[in-house]
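Values quoted throughout were computed directly from the atomic coordinates according to the rules given, and no laboratory measurement underlies them. Source: prediction; values computed, not measured. A quick note on method: Cβ atoms are made from the backbone with ideal geometry, for glycine too, and the neighbour counts reach across all protein chains shown.
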Ligand SMILES: [Zn+2]
């Protein structure tokens, strides 16, 4: 695969992700952000996370607690055995 092909694929992926970001912003009724293309780019680059406070963030990062996904996984494993 040559470099031109890689670049076009990468740009295509970026554009599709930005389109998905726009859809998420429309569904969350965040219309002010949609008017500014720079804000769409920021939302895309931050993976649509509105904030990273201790209440919304990963509990392992802030309190050394297990995440919901990890708790669910442990529960499923204990249920199977
Ligand atoms: Zn928050």
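Descriptive notes on the structure:
- The stretch 63-81 versus the stretch 1-54: alpha-carbon centroid distance in Å: 32 Å
- Helical content of the chain, expressed as a calculated mean residue ellipticity at 222 nm, amounts to -21000 deg cm²/dmol (DSSP H runs of 4 or more residues, -39,500 (n - 2.57) each, divided by residue number, nearest 500).
- Computed E for residue 6/residue 48 - FRET, C-beta separation, R0 30 angstrom, nearest 0.05: 0.70
- Relative to the longest principal axis of the Cα atoms of the chain, the long axis of helix 68-80 makes an angle of roughly 50 degrees.
- Cα gyration tensor category, rounded, prolate or oblate, for the chain with a/c compared to 1.5: oblate
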